[in-house]
1. Based on the mean of other beta carbon atoms within 10 Å per residue, what is the order of 121-134, 170-183, 20-33, most packed first?
2. Net charge within 14 Å of I50 by Cβ-Cβ distance, Lys/Arg positive one each and Asp/Glu negative one each, not counting I50 itself?
3. Which one, F26, Q53, G83, is farthest towards the positive end of the dipole of the stretch 3-92 when Lys and Arg carry +1 and Asp and Glu -1 on their Cβ?
4. Using a Gaussian network model on the chain with a 10 Å cutoff between Cα atoms, which of L207, L18, L90 fluctuates the most?
5. Rounded if a/c is under 1.5, else prolate if a/b beats b/c, else oblate: with a ≥ b ≥ c from the C-alpha gyration tensor eigenvalues square-rooted, which is the chain?
6. What is the local net charge at R187, summed over the other residues whose Cβ is closer than 9 Å to its Cβ (Lys, Arg +1; Asp, Glu -1)?
7. Of W49, W115, how do they rank once you tally other Cβ atoms within 10 Å and put the fewest first?
8. Just in the stretch 1-93: which GluC sites (Glu not before Pro) are loop by DSSP and have at most 12 other Cβ atoms within 10 Å?
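Just so you know, all these numbers are worked out from the coordinates, no wet-lab data involved. Just so it is clear, the structure is predicted and the values come from calculations on it, not from any experiment. A quick note on method: Cβ atoms are made from the backbone with ideal geometry, for glycine too, and the neighbour counts reach across all protein chains shown.
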Amino acid sequence: MSVFPDAIGVVKEGRENLLPYGDMAFNAFGPRNELFEKSFANAQTVAAWIAEQCERENLSEDGIGASVYAAADRGEVSEEEAGLLVRSLLTAGLDTTIFGIGATLYCLAQHPEQWAKLKAEPRLARSAFTEVIRYMSPAQTFYRTTNAEADVAGTIIPEGQKVLLCLAAANRDPRQWQDADEFQVDRRAVGHVGFGHGIHVCVGQQLARLEGEAILKALIDQVSSIELDGEPEYRVNNTLRGFDRLPLHIT
Ligand code: HEM
């Protein structure tokens, strides 16, 4: 809530709108169920604040937002597109990473032997975060619509159908991963689909990985043990999976 919005160049006042906005955006995928309706209760106020913050004059001069507008000045995107691009970064870059960081702490608390391995080999920080994204997958699912008939392993999906892609399940597919249900900080989890795949693959994944690695390195330097200190509570969302509350005891 501080580092990422600062990097984009968002004003400090009103940042509390970012969390309900993310919740709304990720509930909007899939059916219009109770979760969808509930998170859209205050949609107008929240969406209006976000749209305003994505305007050129409301962003800092040296953030990622300003560099998107610089692309508009070079004629690479229109002014309107620049605003929408900044908005898409704010939509996709917060809850996902927050849940990824929460999942990292949870995995380390649940697997002290993996935490010990990481402490002994800090260079594993990057691969450990990748493994968290495979093992816990903050983005559980995404939808696609077929634009032509498709043959998927012998099953024909007609044109114009909604297809639910279960990214988190693919990340635990035993045909792809050895000991798929084990969390291993030194696993080469290359090829997981926790950041998506293909043309819409996560555009912010390098930033997310950097955040994950930075947090892990700070923990490795300053923390000796991470333990659960109560029952975690999940945040239920139509797309994402993560914690609403994660009580930890950190020494
Ligand atoms: C651990 C953190 C993150 C996870 C797990 C994650 C996951 C994903 C996934 C699964 C997709 C593919 C969506 C699809 O197939 O339709 C995606 C796309 C996207 N992500 Fe991330 N993401 C993370 C962090 C970020 C960050 C930090 C940013 C912004 C800086 C970001 C911006 C985006 C954008 C704009 C897209 C849409 C790309 C497109 O449709 O072409 N993400 N992300």
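1. Numbers: 121-134: 20.7, 170-183: 13.2, 20-33: 18.4.
Highest mean packing first, the order is 121-134, 20-33, 170-183.
2. Working: positive: R15, R87; negative: E13, E16, D23, E52, E55, D95.
Its environment carries a net charge of -4.
3. Going by the charge dipole, the pick is F26.
4. Fluctuation is largest for L207.
5. On the way: a/c = 1.61, a/b = 1.17, b/c = 1.37.
Oblate, because a/c is 1.5 or more while a/b does not exceed b/c.
6. Numbers: positive: R134, R188; negative: E131, D179, E182, D186.
Neighbour charge sum, excluding R187 itself: -2.
7. Working: W49 19, W115 22.
Lowest count first: W49, W115.
8. Working: sites: E13, E16, E34, E37, E52, E55, E57, E61, E76, E79, E80, E81; in loops: E13, E55, E61, E76.
Loop-located and lightly packed - E13, E61, E76.
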